[in-house]
Amino acid sequence: MLLILKSESTDQDHKRIMERVQRAGGSAELHTPKESVIVINGCPPSLVDEIGSLPGVASVRRNADGQWLTSREKQPEDTVVEIRGCRIGGTSPPALMAGPCAVESRDQLFQIAEHVKEAGANFLRGGAFKPRTSPYSFQGLGEAGLELLCEVRDRFDLRIVTELRDVSAIDLFLKHKIDMVQIGARNMQNYEMLRLAGQSGLPVLLKRNPACGISEWLQAAEYILLEGNSQVVLCERGVTAARGSQTRYLLDLAAVPIVKEMSHLPVIVDPSHASGDRRWVPALAHAAIAAGASGLLVEVHHAAEQALCDGPQSISPTTLKELVATLESHAYTVKRSSVWAPGNLRLIESRS
Ligand code: PEP
Ligand code: MN
């Protein structure tokens, strides 16, 4: 149960509410994401009305569907996540995150980073800790990979986004001042990780689990916001595809306008994992931007046949540059209206 508190509620009001819940055998936790809320567990249903009428309480969400802080109802205006001058969401042009699936070596990362920078990407994305289905597959370089990412950040003035695979590594992310923490599809429902990422205060890129609906994804984001961290960007990366389908996952493009209606958080699209095949990546990238995505996450490799991870879906540096050029030529990269609606896209205006 979620208690939404009045903005003028006092510490004494909070104390009174929490004590009342505790006397009834429940537990209550105060969170202060922006305005305060109290999360209540184990409170007898008979007490709900009484608690709702205590001083300082604005409303009670009894069967809380888990989406309050992330909802448009709570915050009608778009959240814009700003990372070292790059704004994601709202009217900002789409952000581009690009790089290899995994950081493999210094030489590999520097070669790719140079191309990514030349293409005009805002972020270099590469995994130092790779979650792999097989324990025999390349697991990433670990902290050495983070160190390489930091070197690249300084050398090319790129922002860094990289995946947190285990909660134990969060201190390394803080120590190396990683610009943005990726929570991968597998960890979307790792609630301890979500809370920890929230507490870290670092901007978070939250990928969607391919088996989860949009509400479950937003509820995962809610865990992060509840810890006082609203710097969250959602990433659609494809849902479970039908047996025998040609793509690795099925890109849920409808998720883009649906999320934009339900939530103020920015949503970007990863066409690489969605397709699993570099041939389909540019078309899906275009479609994502046309659908209103606030950015793209694209896997790029200069020698994809040699890649230790996700080579078949990695586009070449040349294709990345062509992709950026065609997005620009379609005027996809100009400013867009703050609350997205189909008629508001500049692209549509420029064609009419
Ligand atoms: C990745 O981004 O390289 C990755 C492992 O993606 P996902 O978590 O979406 O499977
Ligand atoms: Mn990958």
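Determine whether segment 194-206 contains at least one residue that is of a type in the set (A, V, I, L, M), in contact (Cβ under 8 Å) with a residue 40 or more places away in the chain and within 12 Å of ligand 1 (Cβ to nearest atom).
Among the residues of segment 194-206, at least one is of a type in the set (A, V, I, L, M), in contact (Cβ under 8 Å) with a residue 40 or more places away in the chain and within 12 Å of ligand 1 (Cβ to nearest atom), which makes the answer yes.
Which of the residues belonging to segment 227-281 are open to solvent by 40 Å² or more (accessible area, probe 1.4 Å), under 12 Å from the mean Cα position of the chain (by Cα) and within 16 Å of ligand 2 (Cβ to nearest atom)?
Residues satisfying the conditions do not exist here.
Which of the residues that make up segment 291-315 are open to solvent by 40 Å² or more (accessible area, probe 1.4 Å) and either within 16 Å of ligand 1 (Cβ to nearest atom) or polar (S, T, N, Q) (or both)?
Within segment 291-315, GLN306, LEU308, PRO312 meet the criteria.
Return the residue satisfying two criteria in turn: it lies in segment 107-137 and is assigned to a loop (DSSP other than H, G, I, E, B) and either in contact with a His (Cβ under 7 Å, 6 or more places away or on another chain) or open to solvent by less than 30 Å² (accessible area, probe 1.4 Å) (or both), and of such residues it is farthest from ligand 2 (Cβ to nearest atom).
In this case the residue turns out to be ALA119.
Right, VAL48: open to solvent by less than 20 Å² (accessible area, probe 1.4 Å) and either modelled with pLDDT under 95 or not basic (Lys, Arg) (or both) or not?
Criteria met by VAL48.
Does ALA288 count as assigned to a helix (DSSP H, G or I), surrounded by fewer than 20 Cβ atoms within 10 Å (Cβ to Cβ) and among the small types (Gly, Ala, Ser)?
Considered against the rule, which asks whether it is assigned to a helix (DSSP H, G or I), surrounded by fewer than 20 Cβ atoms within 10 Å (Cβ to Cβ) and among the small types (Gly, Ala, Ser), ALA288 comes out as no.
What pairs can you find where one residue is in segment 274-303 and closer than 20 Å to LEU206 by Cα, the other is β-branched (Val, Ile, Thr) and in a loop (DSSP other than H, G, I, E, B), and their Cβ atoms are less than 6 Å apart, with a gap of 6+ or different chains?
Sorted first by the residue in segment 274-303, then by its partner, the pairs are SER275/THR247; GLY276/THR247.
On the given criteria, is LEU174 more than 13 Å from ligand 1 (Cβ to nearest atom), surrounded by fewer than 20 Cβ atoms within 10 Å (Cβ to Cβ) and closer than 22 Å to GLY99 by Cα? Show your work before the answer.
Details: more than 13 Å from ligand 1 (Cβ to nearest atom): yes; surrounded by fewer than 20 Cβ atoms within 10 Å (Cβ to Cβ): yes; closer than 22 Å to GLY99 by Cα: yes.
Taking the combined requirement at face value, the residue satisfies it.
Inside segment 255-274, can you point out the residues that are in a loop (DSSP other than H, G, I, E, B) and under 22 Å from CYS309 (Cα atoms)?
Within segment 255-274, ASP270 is the sole residue that qualifies.
Only one residue in ARG125, ARG132 is of a type in the set (Lys, Arg), closer than 15 Å to LEU297 by Cβ and within 11 Å of ligand 1 (Cβ to nearest atom), so which one is that?
Exactly one of ARG125, ARG132 is of a type in the set (Lys, Arg), closer than 15 Å to LEU297 by Cβ and within 11 Å of ligand 1 (Cβ to nearest atom), namely ARG125.
Kindly indicate which of GLU104, GLU151 is open to solvent by 10 Å² or more (accessible area, probe 1.4 Å), under 18 Å from GLN313 (Cα atoms) and more than 12 Å from ligand 1 (Cβ to nearest atom).
Being open to solvent by 10 Å² or more (accessible area, probe 1.4 Å), under 18 Å from GLN313 (Cα atoms) and more than 12 Å from ligand 1 (Cβ to nearest atom) holds for just one of GLU104, GLU151, which is GLU104.
Pairs please, first residue from segment 178-190 and free of Cβ contacts under 8 Å to residues at least 24 places away in the same chain, second anywhere and of a type in the set (Asp, Glu) and surrounded by fewer than 22 Cβ atoms within 10 Å (Cβ to Cβ), Cβ atoms under 7 Å, 6+ apart in sequence or on different chains.
Filtered contacts from segment 178-190: no entries.
Is it fair to say THR32 is in contact (Cβ under 8 Å) with a residue 24 or more places away in the chain, farther than 20 Å from LEU69 by Cβ and either under 34 Å from the mean Cα position of the chain (by Cα) or open to solvent by 50 Å² or more (accessible area, probe 1.4 Å) (or both)?
Taking the combined requirement at face value, the residue does not satisfy it.
Given the conditions (1) more than 16 Å from ligand 1 (Cβ to nearest atom); (2) touching an Asp or Glu at 6+ places or on another chain (Cβ under 9 Å); (3) not hydrophobic (A, V, I, L, M, F, W, C), which single one is not true for SER53?
SER53 satisfies all of (1) more than 16 Å from ligand 1 (Cβ to nearest atom); (2) touching an Asp or Glu at 6+ places or on another chain (Cβ under 9 Å); (3) not hydrophobic (A, V, I, L, M, F, W, C) except (2).
The values are calculated or read from the model by the stated rules, or taken from the named source; none is laboratory data. Keep in mind it's a predicted model, so treat the numbers as computed, not measured. FYI the Cβ positions are ideal-geometry reconstructions off the backbone, even for glycines, and counts take in every protein chain you see. Side chains included, ligands, DNA and RNA excluded: accessible areas come from the protein's heavy atoms. Shrake-Rupley method; radii C 1.70, N 1.55, O 1.52, S 1.80 Å.
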